[in-house]
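What follows is a short report on a single structure.
The values are calculated or read from the model by the stated rules, or taken from the named source; none is laboratory data. Since this is a predicted model, take the numbers as computed values, not measurements. Cβ placement follows ideal geometry from the backbone for every residue including glycine, while neighbour counts extend to all protein chains displayed. These accessible areas exclude ligands, DNA and RNA; they are computed on the full protein's heavy atoms, side chains included. Shrake-Rupley method; radii C 1.70, N 1.55, O 1.52, S 1.80 Å.
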Amino acid sequence: PPASAQKREGGHDTYLQPLRKKRTRREFVLEHWNSCMRLGGVARVFTPHVLTASSCQSPLRFAAREHVPPPFALCLLSIALVRGSGATRTAASRRSIASVSMSSPSKKQRTNGHDVGEGKDVVRDCLAEVNEKGEFKRVEAQWRRWISEDPGAEFPAEAGRYHLYSSNACPWANRCHCVIKMKGLEDIISVSIVHPTWQFTKKGVDTHAGWMFKDPKDPPIPNQLGIGSFDCEGCIPDFVNNCTFVRDVYELAKDTGKKYSVPVLWDKKKQTIVSNESSEIVLMLNKCFNKFAKNPTLDLFPERLTKEMDELNDFIYPNINNGVYRCGFAKTQEAYEEAYHKLFENLEKAEAILSKQRYLCGDTFSGMDLKLYMTLVRFDPVYVVYFKCFGKRIEEFPNLWNFVKELYQMPDVQAITNMKHIKTHYFTSHPSLNACAIIPARKDTDMTTPHDRARFPGKMETMA
């Protein structure tokens with residue numbers, strides 16, 4: 001830097017000074033921190049006795065207690081812990097560094113979700129599925145096998161053979177669970193429900209965070225950074241394989257995809273994954289187990305509506321279901337704005353369809369209605385704020401809002417709609433988006449009030 005900058009208080013030389021001398025980690029953090037405070041115009045200067053050994057071991061809690069601006073604190077502490085004295089890092093320091101790495105994928109990570117990081121064996125989560133333009137690009141499911149009604153098939157439909165690993169928070173998994181309820185398959189296909197707050201799945205090995213199994217009697221758990229306390233109410237543990245994480249289930253099946261998502265349809269007999277693609281799981285649940293179902297005649301995917309449902313899916317899935325994620329996980333302004341405008345353009349399109357008929361496919365309730373509902377019911381309490389979808393709330397779309405209320409008032413749909421899990425998951429699972437895991441104190445709108453959808457004729461399709 002020029003001499004004028006070196007002499008100036010808070011100039012480049014002052015900022016870089018700690019990097020040029022040998023320092024203990026404690027001295028390095030203190031000097032670097034105070035330099036940052038001067039650069040940021042913060043009057044407060046810390047004295048050596050403030051930065052204790054315990055505060056080094058829990059840097060984020062220390063930063064929160066001393067009112068340090070979060071961007072300075074996260075960047076400063078991650079640099080200090082890596083560039084410091086070389087002492088063994090504590091679990092807390094590893095968590096801090098992990099939170100920074102997850103929020104800022106490298107060039108190698110921004111590859112449409114394939115071979116994220118240094119090689120094909122590196123695990124990934126959805127926040128890393130971003131391309132060079134900063135656009136969120138969801139990776140396709142890896143397990144795409146089928147259950148058949150044929151007794152001689154590789155995966156024949158049998159009572160008690162299959163298990164669904166699900167989440168009350170995930171819209172894709174939640175729809176699968178809903179179909180099980182609506183078809184009356186609860187006694188045929190068992191279900192586990194994960195805790196809504198992601199946890200590190202292999203501490204000390206990698207920074208992957210994902211779904212964890214808990215018993216409802218277990219004590220509350222914090223987020224990945226050790227912040228908050230989130231109870232286990234509504235969880236159902238893995239009583240089939242006794243796994244701790246969904247990742248463990250994938251590894252039992254010798255998975256190579258390295259993305260540990262839900263839903264997972266598991267074959268207890270062959271000890272493997274049948275499918276982790278929700279759009280195909282719901283088709284199997286709808287048709288293959290009718291001889292065991294309590295409601296066998298219900299048809300959520302009538303063949304006569306296949307063409308119409310495909311056309312609906314062509315705009316609902318990419319622009320609404322996945323569109324909210326494209327807004328929330330975008331890494332550039334351009335990518336965000338493109339997703340944002342497409343989202344609201346297609347919400348208006350769905351609003352127009354439902355202004356003329358009761359359901360998306362006319363007077364017949366279908367699986368496409370469930371697919372749209374799963375996004376709409378999460379929209380106002382989560383996506384408006386968390387994914388920056390501020391254009392309009394669903395309550396401001398009269399037909400979409402009454403559509404949501406009608407579906408919520410169906411007993412089986414209401415039974416699997418867990419607003420507590422939904423809000424807890426999103427607001428506590430991504431430290432790069434909400435490090436302190438604060439859940440907005442929003443009073444949920446009553447979805448049991450009368451709806452107006454009965455002004456149109458409607459029916460449930462039945463199989464012959």
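Compute the signed sum of charges (Lys and Arg +1, Asp and Glu -1) over the other residues within less than 10 Å, Cβ to Cβ, of R161. The answer is +1. On full extension, the segment bounded by E311 and R393 gains 27.0 nm, given 0.36 nm per residue less the C-alpha separation. Considering the zone a paramagnetic label at D452 would reach in this model (a point 7 Å from Cα along the Cα-to-Cβ line), which residues of the stretch 349-390 have amide N under 17 Å from it? Of the residues in the stretch 349-390, 351-359 have backbone N under 17 Å from the label point off D452. Bridging of K443 to lysines at a Cα separation below 28 Å is possible for K181, K214, K217, K371, K388, K392, K405, K420, K423, once same-chain residues fewer than 8 apart are set aside. For A415, the shell of other residues with beta-carbons less than 12 Å away shows a net charge of -1, using +1 for Lys and Arg and -1 for Asp and Glu. Here K259 is the anchor, and the aspartates and glutamates within straight C-alpha reach of less than 14 Å, apart from those fewer than 8 places off in the same chain, are D115, D121, D125, E129, E140, D206, D248, E251, E277.
Here the simple spin-label model places points 7 Å from the Cα toward Cβ, and for K459 and D363 these points are separated by 0.7 nm.
On full extension, the segment bounded by R304 and T256 gains 13.5 nm, given 0.36 nm per residue less the C-alpha separation. Charge dipole (Cα centre; +1 on Lys/Arg Cβ, -1 on Asp/Glu Cβ; no other charges) of the stretch 256-400 amounts to roughly 780 debye.
Near S190, the amide H atoms lying under 5 Å from its own belong to Y162, L164; only residues 5 or more places off or on other chains count, and H is placed 1.01 Å from N. Within the stretch 132-232, DSSP assigns beta bridges of which about 45% are antiparallel (rounded to the nearest 5). Say a paramagnetic label sat at a point 7 Å from the Cα of S355, along Cα to Cβ; which residues of the stretch 375-393 have their backbone N under 20 Å from it? Answer for this model: 376, 391-393. Per atom type, the stretch 228-288 shows carbon and sulfur on 50% of its accessible surface, probed at 1.4 Å. Taking 7 Å steps out from each Cα toward its Cβ at Q142 and E334 produces label points 3.2 nm apart.
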